[in-house]
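First up is the structure itself, then whatever we jot down about it.
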There are 2 protein chains.
Amino acid sequence: MPKEEIINLALRRNLFFPAAEIYSSALAGFWDFGPIGTRMRQKVISFWRKNLVEKEGFLEIDGAQILPEAVFKASGHLTSFNDPVVQCKKCHSIHRADKLIEEVTGKEVPESMALNKFNEFIAKNKVKCPKDEGELGEVKSFNMMMKTEIGATGNNPGYLRPETCQSIFLDFLRLYKTSRVNLPLGISQEGKSFRNEISPRNTLLRAREFNQMETEIFFNPKKINEFDKFDEVKKYELNLFLLKDKKVHSVSCEKAVKEKIVSGKLIAYYLARTQQLYEAYGIKKSEMRFRELKEEARAFYSKETWDFEVNTDLGWIELIACNYRTDYDLKAHGTESKKSMIVKEESGEEFIPHVFELSIGVDRTFYVVLDHAFRKEKRGEEERIYLDLHPLLAPYFVAVFPLMKKDGLQEKAEEIVSVLRSNGFEVLFDEKGSIGKRYARVDEIGLPYCLTIDYDSIEKNDVTLRERNSMKQIRIPIKELPLKLWNLFNEKESI
Amino acid sequence: MPKEEIINLALRRNLFFPAAEIYSSALAGFWDFGPIGTRMRQKVISFWRKNLVEKEGFLEIDGAQILPEAVFKASGHLTSFNDPVVQCKKCHSIHRADKLIEEVTGKEVPESMALNKFNEFIAKNKVKCPKDEGELGEVKSFNMMMKTEIGATGNNPGYLRPETCQSIFLDFLRLYKTSRVNLPLGISQEGKSFRNEISPRNTLLRAREFNQMETEIFFNPKKINEFDKFDEVKKYELNLFLLKDKKVHSVSCEKAVKEKIVSGKLIAYYLARTQQLYEAYGIKKSEMRFRELKEEARAFYSKETWDFEVNTDLGWIELIACNYRTDYDLKAHGTESKKSMIVKEESGEEFIPHVFELSIGVDRTFYVVLDHAFRKEKRGEEERIYLDLHPLLAPYFVAVFPLMKKDGLQEKAEEIVSVLRSNGFEVLFDEKGSIGKRYARVDEIGLPYCLTIDYDSIEKNDVTLRERNSMKQIRIPIKELPLKLWNLFNEKESI
């Protein structure tokens with residue numbers, strides 16, 4: 001769907017909107033989520049928790065967002081987590097060099113290219129400031145970490161984490177030693193990360209404060225192919241966008257391992273689970289791909305990277321970085337903290353575990369789920385908008401509408417709401433406006449079902465049940481409602 | 001329970017532990033939550049969401065943690081959110097002046113006392129540094145806001161929010177205008193806040209990064225006593241610790257309003273709901289109180305404050321600030337942003353809404369829930385530890401233990417786990433160690449029930465069901481398990 005449709009819907013229904021928007025000095029790249037948006041985004045997270053973390057038996061932690069300097073010295077972020085920036089000599093505006101080059105010349109250059117190569121490219125191609133055609137200065141390296149001071153002494157910096165995973169590396173040893181678990185061991189975390197982006201844009205797609213749901217899977221590198229669960233996915237086909245011909249190939253997990261397209265069974269297995277998760281989120285398989293990254297495009301800690309991307313009208317959007325981080329992080333923290341990160345398996349083998357990472361963007365996933373669920377249909381003169389959301393992603397499962405506030409209809413409706421809530425259903429109650437308007441309002445936030453209570457309801461003890469996508473309506477006795485809704489929720493029947 | 005017991009349990013079972021603990025430079029006042037702690041803390045939050053936010057029909061938002069300078073200029077935090085600090089001239093250690101005075105002299109002084117009064121007090125009482133008896137310098141004002149730089153220009157500060165509620169004030173107008181709601185309107189938010197405390201201490205009780213669950217209730221000040229729901233609580237008794245005699249009084253909501261102990265029905269109602277919430281959390285009514293704060297002890301924005309406190313071996317711990325913030329915040333943001341915060345009611349009346357706030361500490365609540373659920377019992381020679389937690393606060397509802405890994409017991413147990421999970425139960429599976437050890441492990445993290453699968457289970461298709469508190473055991477047919485557990489979960493029967 002066009003970006004404008006999503007943004008209009010977001011602002012109209014308070015899904016998300018700029019933080020501190022009443023101020024002209026509001027900072028770019030920070031977003032607030034309104035009541036409906038908060039519920040939907042929480043569901044994007046709980047969907048991941050249920051369908052990946054719990055199914056795979058990962059442990060979930062919740063770590064501090066501010067960490068000491070030593071952590072990011074060890075991780076390499078203080079020296080390597082940089083963007084190339086360039087300033088216009090005339091208007092003094094600051095740009096990200098790679099994005100500016102792409103915007104002005106249409107050519108893609110890797111953000112990790114050496115600074116002198118950037119300067120050469122700009123000189124050779126006579127790239128100017130897109131705002132005022134001003135001459136550009138030297139390309140410099142800009143560190144994206146956000147720093148603050150802790151305590152009152154003035155020499156105790158803390159850094160806002162740029163990725164949630166560092167806590168996982170820091171806590172690994174404690175959890176491994178005390179949780180009585182064996183490798184491979186997956187540890188997950190959902191939470192905020194912060195990056196001082198030069199040019200935040202496309203709302204949730206490039207923000208400075210955003211949520212991630214990350215998993216680090218720790219394993220014995222010699223046993224990357226000793227992975228029993230692999231059999232469950234071996235015939236499952238991954239959409240791999242390969243460097244060799246820049247095309248998407250449907251490759252079974254079995255073939256990906258056999259032909260060494262991926263480093264081993266463990267990695268193929270989790271790529272499959274990731275792709276399945278996004279199919280469950282409601283993204284068509286044809287609209288998703290894992291893009292193979294060449295060495296210079298990979299993060300500084302990664303040996304093998306697959307960017308999981310979903311197609312939108314803004315192009316292919318990266319939602320997940322699947323990084324084979326090897327023992328880079330544990331080794332680095334072990335050296336810096338002088339703690340041994342060596343584990344000993346029952347066989348007696350001693351080693352520093354390797355790590356495969358699934359680093360998922362929560363807000364990007366939320367955006368893409370909205371984008372792919374968005375439907376606009378002509379109905380005669382009128383247009384109808386609805387979100388075709390999975391029941392587990394809808395902000396509420398069912399809406400309850402009394403036709404009128406009077407004649408006992410409101411009371412009857414409230415009674416039904418109370419029964420449904422006590423049965424565990426998430427119910428939205430709305431008594432304002434015409435029934436048509438109420439349908440339209442809940443359609444565009446993706447509620448799967450509506451119940452209308454009318455005069456017949458009082459006489460015959462039944463209600464109208466309406467399904468969102470088909471707009472089909474049936475009458476159903478009130479006493480059968482909980483079971484019927486339960487079966488609909490679990491997709492055991494349809495209306 | 002003694003603090004040491006809670007900390008030992010927390011470290012032993014990874015409920016919480018210092019962030020970046022492998023580093024000697026780890027920052028004080030930052031905590032990570034391990035797998036069990038993360039689940040329990042999430043449940044503390046969802047318990048609030050279910051029992052307060054949803055029941056009261058509050059809207060829940062999720063706002064950015066970093067906000068621009070103008071927000072905190074308007075809110076008063078940049079000038080008034082200060083602690084008095086004092087440095088030892090000898091060892092250069094920095095202390096919070098009020099805490100140091102309390103520690104050294106045993107006398108309580110308000111943190112908001114004027115700086116010259118602090119200096120006078122220190123001189124008069126000859127207060128020295130508790131570390132090395134060194135002379136103390138001048139008491140200074142230290143601002144607790146954490147600041148960072150946004151963008152690359154170097155003149156665009158952002159501040160980590162010191163309370164979640166500012167986003168609520170900033171978003172109020174948008175939500176009020178577009179959500180088709182009337183006043184009183186409650187808006188809630190759960191999330192991180194950051195305060196650069198001089199002396200973080202007592203683990204989660206005074207941390208620099210912590211979670212809050214806040215609600216701001218916006219209302220027409222002339223209608224503070226037009227509040228129909230008040231009738232539901234009018235006979236309910238509040239534990240009010242009153243300034244007049246520094247004693248706890250059991251006062252019905254009706255009486256508190258009539259005798260003007262509180263400013264009106266709306267406030268009495270939410271104090272009652274708050275106290276009821278903590279009764280539901282498992283705190284005895286006799287161990288909780290609302291402490292009336294005199295003017296100089298109140299936050300700078302509050303007209304009436306009740307600190308909700310719970311008794312522990314560390315003394316009375318403040319968990320909630322209940323502040324009547326009046327129109328302080330909306331007015332301040334209206335002035336600073338030049339946006340009118342005036343709302344117009346159907347009657348035509350125009351005014352800036354007043355606000356009553358329930359500002360709850362998540363981590364403090366989590367700590368106190370642990371503290372009050374902690375049980376240590378002598379059983380002959382041995383001691384038994386368990387957490388007497390409400391089923392909704394336990395990390396899992398039931399554990400499943402196969403007696404042995406062999407002879408099909410493990411498979412049988414896994415089958416039962418799978419059936420229970422598909423019925424929506426949260427199940428912990430543990431197959432390691434003796435049954436006695438496994439019982440002890442889940443007792444101390446508060447699992448209400450355990451199931452043991454033994455040889456009889458295979459023959460007779462039944463299992464042992466054990467209840468945590470009584471340790472009572474019964475045999476129950478496997479096919480009856482889901483319904484039995486459902487009834488136990490909903491406290492419709494006991495074993």
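The values are calculated or read from the model by the stated rules, or taken from the named source; none is laboratory data. Bear in mind the structure is a predicted one, so any value in this text is a computation, not a measurement. Quick reminder, even Gly has a Cβ in these numbers, built from the backbone with ideal geometry, and neighbours come from all protein chains shown. When the accessible area is computed, the model is the full protein with side chains, heavy atoms only, and any ligands, DNA or RNA have been set aside. Shrake-Rupley method; radii C 1.70, N 1.55, O 1.52, S 1.80 Å.
Has the range A:93-116 got at least one residue that is among the charged types (D, E, K, R) and within 14 Å of chain B (Cβ to nearest Cβ)?
If we filter the range A:93-116 for residues that are among the charged types (D, E, K, R), which is where we start, we get A:96, A:98-99, A:102-103, A:107-108, A:111.
Still in the running and within 14 Å of chain B (Cβ to nearest Cβ): A:96, A:99.
The answer is yes; a qualifying residue exists.
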- [ ] Kindly provide the set of residues from the range A:405-425 that are over 16 Å from A:GLU480 (Cβ atoms), part of a loop (DSSP other than H, G, I, E, B) and either basic (Lys, Arg) or open to solvent by 70 Å² or more (accessible area, probe 1.4 Å) (or both), ordered by number.
- [x] A:LYS405, A:LYS406, A:ASP407
Open item on the list: Anything in the range B:219-253 that is over 30 Å from B:ASP83 (Cβ atoms), under 24 Å from the mean Cα position of the chain (by Cα) and touching a residue at least 24 places away in the same chain (Cβ under 8 Å)? List them, or say none.
Closed with: B:VAL233, B:TYR236, B:LEU238
TODO: Kindly provide the set of residues from the range B:123-169 that are away from chain A (no Cβ under 14 Å) and open to solvent by less than 20 Å² (accessible area, probe 1.4 Å), ordered by number.
DONE: B:VAL127, B:CYS129, B:GLY134, B:LEU136, B:GLU163
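Looking only at the range B:434-463, count how many residues are touching a helix residue (DSSP H, G or I) at 6+ places or on another chain (Cβ under 8 Å) and either under 18 Å from B:PHE397 (Cα atoms) or in a loop (DSSP other than H, G, I, E, B) (or both). Walk me through it before giving the result.
Start the filter on the range B:434-463 by keeping residues that are touching a helix residue (DSSP H, G or I) at 6+ places or on another chain (Cβ under 8 Å), which leaves B:444-446, B:448-455, B:457-458, B:461-463.
If we keep only those that are either under 18 Å from B:PHE397 (Cα atoms) or in a loop (DSSP other than H, G, I, E, B) (or both) too, we end up with B:444-446, B:448-454, B:461, B:463.
Residues that pass the stated criteria total 12.
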Task: Index of the failed condition, B:LYS99 passing every other in (1) of a type outside the set (Val, Ile, Thr); (2) under 30 Å from B:LYS339 (Cβ atoms); (3) not in a loop (DSSP other than H, G, I, E, B) - done: (2)
- [ ] Just one of (1) open to solvent by less than 30 Å² (accessible area, probe 1.4 Å); (2) out of contact with any helix residue (DSSP H, G or I) (no Cβ under 6 Å at 6 or more places or on another chain) trips up A:ILE474, so point out which.
- [x] (1)
Task: Members of the range B:318-342 found to be surrounded by fewer than 20 Cβ atoms within 10 Å (Cβ to Cβ) and touching a strand residue (DSSP E or B) at 6+ places or on another chain (Cβ under 7 Å), listed by number - done: B:GLU318, B:THR326, B:ASP327, B:ILE342
- [ ] Inspect all residues belonging to the range B:62-71 and state whether any of them is open to solvent by less than 10 Å² (accessible area, probe 1.4 Å), part of a loop (DSSP other than H, G, I, E, B), in the same structural domain as B:GLU336 (by TED's automatic domain parsing) and over 16 Å from A:THR148 (Cβ atoms).
- [x] yes
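Would you call B:ILE317 outside any strand (DSSP E or B) and in the same structural domain as B:PHE169 (by TED's automatic domain parsing)? Write out each step before concluding.
Working: outside any strand (DSSP E or B): no; in the same structural domain as B:PHE169 (by TED's automatic domain parsing): yes.
Spelling it out, it is not the case that B:ILE317 is outside any strand (DSSP E or B) and in the same structural domain as B:PHE169 (by TED's automatic domain parsing).
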TODO: Starting from residues that are in a strand (DSSP E or B) and of a type in the set (Asp, Glu), keep the ones in the range B:343-378 and report whichever is surrounded by the most Cβ atoms within 10 Å (Cβ to Cβ).
DONE: B:GLU357
TODO: Filter the range A:80-103 down to residues that are open to solvent by 70 Å² or more (accessible area, probe 1.4 Å) and touching a residue at least 24 places away in the same chain (Cβ under 8 Å), then give me how many there are.
DONE: 4
TODO: Considering only the range B:4-37, state which residues are in a loop (DSSP other than H, G, I, E, B) and open to solvent by 40 Å² or more (accessible area, probe 1.4 Å).
DONE: B:ARG13, B:GLU21, B:SER24, B:SER25, B:ALA28
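Out of all the residues in the range A:41-51, is one or more closer than 30 Å to B:TYR23 by Cβ and among the aliphatic types (A, V, I, L, M)?
Filtering the range A:41-51 down to residues closer than 30 Å to B:TYR23 by Cβ leaves A:45, A:48-49.
Retained after the next criterion (residues that are among the aliphatic types (A, V, I, L, M)): A:45.
Checked against the condition, which is being closer than 30 Å to B:TYR23 by Cβ and among the aliphatic types (A, V, I, L, M), the range A:41-51 yields at least one hit.
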Task: Contacts under 6 angstrom Cβ, first residue in the range A:23-43 being at the interface with chain B (Cβ under 8 Å from one of its Cβ atoms) and over 15 Å from A:LEU11 (Cα atoms), partner modelled with pLDDT of 95 or more and open to solvent by 40 Å² or more (accessible area, probe 1.4 Å), 6 or more apart - done: A:ALA26/A:PRO18
TODO: Kindly provide the set of residues from the range B:112-148 that are in a loop (DSSP other than H, G, I, E, B), touching a residue at least 24 places away in the same chain (Cβ under 8 Å) and either in contact with a Pro (Cβ under 7 Å, 6 or more places away or on another chain) or more than 23 Å from B:HIS92 (Cβ to Cβ) (or both), ordered by number.
DONE: B:SER112, B:MET113, B:VAL139, B:MET144, B:MET145
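I'm trying to understand the selection: among the residues of the range A:178-209, which are more than 10 Å from chain B (Cβ to nearest Cβ) and open to solvent by 30 Å² or more (accessible area, probe 1.4 Å)?
Going residue by residue through the range A:178-209, those that are more than 10 Å from chain B (Cβ to nearest Cβ) are A:182-186, A:193, A:195, A:201-206.
Across the range A:178-209, the qualifying residues are A:ASN182, A:PRO184, A:ARG195, A:ARG201, A:ASN202, A:ARG206.
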Task: Where a residue in the range B:466-495 is under 17 Å from B:ILE453 (Cα atoms) and its partner, wherever it lies, is part of a loop (DSSP other than H, G, I, E, B) and hydroxyl-bearing (Ser, Thr, Tyr), with Cβ under 7 Å and at least six apart - done: none
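Would you check if B:LEU175 is over 19 Å from B:GLU69 (Cβ atoms), modelled with pLDDT of 95 or more and either among the hydrophobic types (A, V, I, L, M, F, W, C) or open to solvent by 20 Å² or more (accessible area, probe 1.4 Å) (or both)? Full working, then the answer.
Working: over 19 Å from B:GLU69 (Cβ atoms): yes; modelled with pLDDT of 95 or more: yes; either among the hydrophobic types (A, V, I, L, M, F, W, C) or open to solvent by 20 Å² or more (accessible area, probe 1.4 Å) (or both): yes.
Yes; evaluated as a whole, the condition is true for this residue.
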Task: Hey, B:GLU383 modelled with pLDDT of 95 or more, open to solvent by 50 Å² or more (accessible area, probe 1.4 Å), farther than 26 Å from A:VAL181 by Cβ and acidic (Asp, Glu) or not - done: no
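Of all residues being among the aliphatic types (A, V, I, L, M) and in a strand (DSSP E or B) in the range B:76-95, which is farthest from B:ALA299 (Cα to Cα)? Just the residue, please.
Quick first cut of the range B:76-95, residues among the aliphatic types (A, V, I, L, M) only: B:78, B:85-86, B:94.
Going one step further and asking which of them are in a strand (DSSP E or B), we end up with B:85-86, B:94.
Values: B:VAL85: 18, B:VAL86: 21, B:ILE94: 23 Å.
Ranking the candidates gives B:ILE94 first.
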Task: Given (1) touching a Phe, Trp or Tyr at 6+ places or on another chain (Cβ under 7 Å); (2) modelled with pLDDT of 95 or more; (3) surrounded by fewer than 20 Cβ atoms within 10 Å (Cβ to Cβ), index of the condition A:GLU304 fails - done: (2)
Open item on the list: Tell me yes or no: at least one residue of the range A:48-57 is touching a Phe, Trp or Tyr at 6+ places or on another chain (Cβ under 7 Å), closer than 30 Å to B:LEU204 by Cβ and either not in a strand (DSSP E or B) or not assigned by TED's automatic domain parsing to the domain that holds A:TYR269 (or both).
Closed with: no
TODO: All but one of (1) in a strand (DSSP E or B); (2) under 28 Å from B:GLY34 (Cα atoms) hold for B:ILE474, so report the exception by its number.
DONE: (2)
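Looking only at the range B:394-419, count how many residues are within 13 Å of another protein chain (Cβ to nearest Cβ) and either more than 29 Å from B:GLU383 (Cα to Cα) or not aromatic (Phe, Trp, Tyr) (or both). Outline the logic, then answer.
First pass over the range B:394-419, keeping only residues within 13 Å of another protein chain (Cβ to nearest Cβ): B:395-396, B:414, B:417-418.
Restricting the remaining residues to those that are either more than 29 Å from B:GLU383 (Cα to Cα) or not aromatic (Phe, Trp, Tyr) (or both) gives B:395, B:414, B:417-418.
The number of residues fulfilling the criteria is 4.
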